[in-house]
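The values are calculated or read from the model by the stated rules, or taken from the named source; none is laboratory data. Because the structure is a prediction, the values reported are computed rather than measured. Virtual Cβ from ideal backbone geometry, glycine too; neighbours counted across all protein chains shown. Heavy atoms of the whole protein, side chains included, go into the accessibility calculation; ligands, DNA and RNA do not. Shrake-Rupley method; radii C 1.70, N 1.55, O 1.52, S 1.80 Å.
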Amino acid sequence: MDPNQIDITREVNPHFQDVWTTPKPFNILKGGRNSFKSSVIALLLAFMMILYIQIGEKANIVVIRKVGNTIRDSVFRKIQWALGKFRILDEFDCTVSPFKIEHKGTGSTFYFYGQDDFSKLKSNDIGNLIAVWYEEAAEFKSEEEFDQTNVTFMRQVHPRADMVRFFWSYNPPRNPYDWINEWADKMKAEDDYLVHESSYLDDELGFVTAQMLDDIERIKRNDYDYYRYIYLGESVGLGTNVYNADLLQPLDKLPDDEYLIYLAYSTDSGHQVSATATLCVGYTNKQNVILLDTDYYSPMGKVNKKAPSQMSKDLNAFVTNTSKRWGKPIELELIDSAEGALRNQYYLDYKVRLHPVNKKKKVVMIDSMHDLMAQGRLYYLNNKNNEIFVDEHRKYMWDEKTVHTENPEVIKIDDHTCDAAQYLVLTMASRWGLRA
């Protein structure tokens, strides 16, 4: 096994030389999309392990994501890719229950964990550790989450290693006051931390393909601030208006060269005190998302407000009529996870389980919407029912009292179609090629 059998200078851009050569134990890599920071870390970790395997030593590395169910399609595949680059993947056994990649000869192992299973992570005595990698570190709640595990890992350092090396990689959040942005800025003053920044503009080796560049230019034209945030890795701030309403694109009818593949429905419900909005959305052969119809009920000013049994009938009528009109299969029916009455009533009436959305922070859900809109893939049919959707999205604003805090909030007035859209886009983000 020879780590020199590949030319690292052809696999790692010169911009990352500091990451590859630094003696510092703590390494924070932040940057925009397509900066290849995660690929650099994966290659470096594989290289570090190979040096121990060459001398017959067992050396272990821990890789952590905030949520365990994201491991398979992210860091697990990335480490396999890196070992493949060194042409040694066949020397490892790869298992998914639990997730680990183990060298057949020495037992050197990449262990993969979700921070959401902290008790298991903290109690595991792995030993012979040489490195720990926190991927998508912005998903964590605070630096204290790192501190809780770092001490445990430091105690398990390999006897031949001077230290356990720690790596963090992430795309900086849009909000400059987000904890991780402030943490990284603070760590720049620490002698044992390397804080490294990168973007696709640092690619000298041609990893960013012409197709990628075309897509980047499209987003740059559509929404320049979003381009700066996503691709340059800049924390551009939130502004006041949540969305650039010009990116809501009207259609009088479906284009002749485009057709629907399936339908999806999303409901934000609040029948007692606020409005209930249900969106009927179509996904097309061109990977566009089209709002076809909106059902909206507000109890404002009404003495006799609708009961869950009435709301259930209304929802079913809307789904039945629109699905019949468009003649496409229903892929998903979503509802606000906080709404139990309508969900239970709907199942009682129609034996259909509305899927409760797995909410995330408001800024994260909005980020998925930003991505869809900046790619120019969000359309709406220009009809009477959809006017409320356009109006609410145009007026949707951040609460100015919170924009300079770690947890900014939106103004919770006339935002029901906004919430319903966020639920759907967040849930479908991975399938639709969006940030989630």
Inside the range 242-268, can you point out the residues that are assigned to a loop (DSSP other than H, G, I, E, B), open to solvent by 30 Å² or more (accessible area, probe 1.4 Å) and among the acidic types (Asp, Glu)?
252, 256, 257
Of those in the range 394-430 that are among the aliphatic types (A, V, I, L, M) and assigned to a loop (DSSP other than H, G, I, E, B), the residue nearest to residue 281 (Cα to Cα) is 429
Could you check, for the range 371-383, whether at least one of its residues is hydroxyl-bearing (Ser, Thr, Tyr) and open to solvent by less than 30 Å² (accessible area, probe 1.4 Å)?
yes
Check whether at least one residue in the range 205-227 is assigned to a loop (DSSP other than H, G, I, E, B), in contact with a Gly (Cβ under 6 Å, 6 or more places away or on another chain), open to solvent by less than 50 Å² (accessible area, probe 1.4 Å) and within 22 Å of residue 20 (Cβ to Cβ), and report yes or no.
no
Does residue 372 meet the test of being among the aliphatic types (A, V, I, L, M), within 17 Å of residue 276 (Cα to Cα) and at pLDDT 95 or above?
no
Would you mind telling me which numbered condition in (1) under 30 Å from residue 142 (Cβ atoms); (2) without any contact (Cβ under 8 Å) to a residue 60 or more places away in the chain residue 410 fails?
(2)
Does residue 429 satisfy the criteria of being hydrophobic (A, V, I, L, M, F, W, C), out of contact with any Phe, Trp or Tyr (no Cβ under 9 Å at 6 or more places or on another chain) and open to solvent by less than 50 Å² (accessible area, probe 1.4 Å)?
yes
Enumeration of residues in the range 193-204 that are open to solvent by less than 60 Å² (accessible area, probe 1.4 Å) and free of Cβ contacts under 8 Å to residues at least 60 places away in the same chain
none
Which count do you get for residues in the range 3-35 that are out of contact with any helix residue (DSSP H, G or I) (no Cβ under 8 Å at 6 or more places or on another chain) and either open to solvent by less than 70 Å² (accessible area, probe 1.4 Å) or within 17 Å of residue 205 (Cβ to Cβ) (or both)?
9
Restricting attention to the range 151-173, and to residues there that are in contact with a helix residue (DSSP H, G or I) (Cβ under 7 Å, 6 or more places away or on another chain) and assigned to a loop (DSSP other than H, G, I, E, B), which single residue is farthest from residue 41 (Cα to Cα)?
173
Looking at 325, 377 in this structure, which one is within 30 Å of residue 217 (Cα to Cα), at pLDDT 95 or above and of a type outside the set (A, V, I, L, M)?
377
For the range 134-162, which residues satisfy the criterion of being of a type in the set (A, V, I, L, M) and surrounded by fewer than 16 Cβ atoms within 10 Å (Cβ to Cβ)?
151, 154
Conditions: (1) open to solvent by less than 30 Å² (accessible area, probe 1.4 Å); (2) within 23 Å of the chain's Cα centre (by Cα). Residue 187 meets all but one. Number of the miss?
(2)
From the options 252, 215, 225, 293, residue that is closer than 15 Å to residue 389 by Cα and either among the hydrophobic types (A, V, I, L, M, F, W, C) or in contact (Cβ under 8 Å) with a residue 12 or more places away in the chain (or both):
293
Can you name the residue in the range 36-54 that is of a type in the set (A, V, I, L, M, F, W, C) and within 22 Å of residue 200 (Cβ to Cβ) and, of all such residues, is most open to solvent (accessible area, probe 1.4 Å)?
36
Tell me, which strands (runs of 3 or more DSSP E) lie completely within the range 55-121 with 2 or more residues that are touching a strand residue (DSSP E or B) at 6+ places or on another chain (Cβ under 8 Å), in contact (Cβ under 8 Å) with a residue 12 or more places away in the chain and open to solvent by less than 50 Å² (accessible area, probe 1.4 Å)?
60-65, 99-103, 109-114
For the range 122-133, give me each residue that is open to solvent by 10 Å² or more (accessible area, probe 1.4 Å), touching a residue at least 12 places away in the same chain (Cβ under 8 Å) and either assigned to a helix (DSSP H, G or I) or within 20 Å of residue 29 (Cβ to Cβ) (or both).
122
Of all residues in the range 155-184, which are of a type outside the set (A, V, I, L, M, F, W, C) and over 21 Å from the mean Cα position of the chain (by Cα)?
155, 156, 158, 159, 160, 162, 165
Of all residues being among the hydrophobic types (A, V, I, L, M, F, W, C) and in a loop (DSSP other than H, G, I, E, B) in the range 273-326, which is least open to solvent (accessible area, probe 1.4 Å)? Just the residue, please.
275
